[in-house]
Amino acid sequence: MPRIAIIPGDGIGLEVIREAVRVLEAANSVYDLDLELVHWDLGADRFLETGVTITDEEFDRLANEHDAILLGALGDPRVPGNEHARDILLGLRFKLDLYVNWRPAVLMAPRFTPLKGFEDGTRTIHLDTFRENTEGVYVNLGGSFKVGTPDEVAIQEDLNTWKGVERIIRAAFEFARAKGRGKVTLVDKANAMPAAGKLWRRAFAEVGSEFSEIEQNAMYVDAMAMDLVRRPEHYEVIVTSNLFGDILSDLAAELTGGLGMAPSANMHPGKHALYEPVHGSAPDIAGQGIANPLGAIACAGLVLGQIGCSEGAQQVDAAIRASLEKNVSTPDLGGVASTEEVGAWIAATLLESKEASTSQTDGTHG
Ligand code: NAD
Ligand code: IPM
Ligand code: MN
């Protein structure tokens, strides 16, 4: 019985995960998956009530007793220092060593990009960002000194290890090869940060030499941000550091319809996987029932793929595309549907696909 940990978290995390769960439950019934969904109340409410963010025992159970984790978002204006999000989300990424953060951004219809020139379909966007997820400036090495005085010092170190860099670059190339993608682009800031830059570029060249059929190039992150707006169709797989991947994946999401569209997977291949939409808890729209649940629902599709239900994964993707075609969409996409209406429509579409195939089977036999 596949066990999935469900961590809705905060803000719109609760709203979008409710719909992702609705879709998982529909898939459970269509494909007889015998899924067990285990709900976890990790988030700001619990932290504010108890002072506990997440315990070691909870990390162990999340790691060892589940086939996958589905997370909404963490972040709450009542916790301005964001400690619970760091402990829980970054804690899971670090402690479970989820070194691959795969963030796909796919333009599903030309009207969703804010860019010009996509209307006739000759240009399109399909970017797979491979964000290093366990190092970089996120390790919080450093500290503060003389805080609150005119001499205040803050040091935030950028950690890059050969092992960490090599394995994310390898993951990006292996993905490109497995998916038939023609090009991998390294994004760094080797001109201003040469120590990290040298390590990344050497690792990129070394690993890349094993993948000679794949086109390879390197870009500085500032130029990449520019070029992703100018000609996103020029790029396929991007591999980059934790911080640059964080920034570029929000940009890529916006190019394909907005943060609400984008799923992501945090993985230690062969060991653990945590799926979450790229967006945060969106306090500006939380509680209004208008958050776009498609990124979270796409994550539900990825969960199905991971537990071996590839047909379910494909049907979720097809139902997402059908909802867009029929404009069953939230206001960020120009629609008038609520978060719940989009989730319910996609779940119903999955259930109908079962009825359709059952009646076809009945027809054949009858
Ligand atoms: P955000 O992603 O929450 O929101 C940015 C903008 O995008 C907002 O205007 C929001 O309304 C919009 N948006 C985001 N998701 C949307 C959706 N599904 N549908 C429609 N519109 C959507 O980023 P932020 O405002 O910088 O961060 C808010 C909080 O979330 C912060 O505490 C931040 O640290 C946290 N955060 C958490 C995660 C995570 O848990 N993975 C990711 C990003 C930010
Ligand atoms: C993300 C978020 C997190 C990050 C924050 C909440 C720490 O922005 O998952 O993209 O920077 O990784
Ligand atoms: Mn981010």
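The values are calculated or read from the model by the stated rules, or taken from the named source; none is laboratory data. Remember, it's a predicted structure, so these values are computed and weren't measured experimentally. Glycine also receives a Cβ, built like all others from the backbone with ideal geometry; neighbour counts cover every protein chain displayed. For accessibility, only protein heavy atoms count, side chains too; no ligands or nucleic acids. Shrake-Rupley method; radii C 1.70, N 1.55, O 1.52, S 1.80 Å.
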Return the total of residues in segment 71-85 being within 13 Å of ligand 3 (Cβ to nearest atom) and open to solvent by 30 Å² or more (accessible area, probe 1.4 Å).
1
Do we find a residue being surrounded by 12 or more Cβ atoms within 10 Å (Cβ to Cβ) and hydroxyl-bearing (Ser, Thr, Tyr) anywhere in segment 106-120?
yes
For segment 321-334, pairs from a residue that is of a type in the set (Gly, Ala, Ser) to a residue that is part of a helix (DSSP H, G or I) and open to solvent by less than 10 Å² (accessible area, probe 1.4 Å), with Cβ under 7 Å and 6 or more apart or across chains, are SER323/VAL342; SER323/ILE346; SER329/SER323; SER329/VAL342
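Take the residues of segment 222-251 that are farther than 25 Å from ALA205 by Cα and aliphatic (A, V, I, L, M): which is surrounded by the most Cβ atoms within 10 Å (Cβ to Cβ)?
Out of the qualifying residues, it is LEU251.
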Qualifying position, being under 20 Å from VAL184 (Cβ atoms) and within 10 Å of ligand 1 (Cβ to nearest atom), among ASP284, ASP246:
ASP246
Which count do you get for residues in segment 260-283 that are surrounded by fewer than 19 Cβ atoms within 10 Å (Cβ to Cβ) and either out of contact with any Gly (no Cβ under 9 Å at 6 or more places or on another chain) or not in a loop (DSSP other than H, G, I, E, B) (or both)?
4
LEU33 being buried (at least 18 other Cβ atoms within 10 Å of the Cβ), closer than 28 Å to GLU325 by Cβ and either touching a residue at least 12 places away in the same chain (Cβ under 8 Å) or polar (S, T, N, Q) (or both)
yes
Go through (1) away from ligand 2 (no atom under 12 Å from the Cβ); (2) aromatic (Phe, Trp, Tyr); (3) open to solvent by 30 Å² or more (accessible area, probe 1.4 Å) and name the single condition PHE94 misses.
(1)
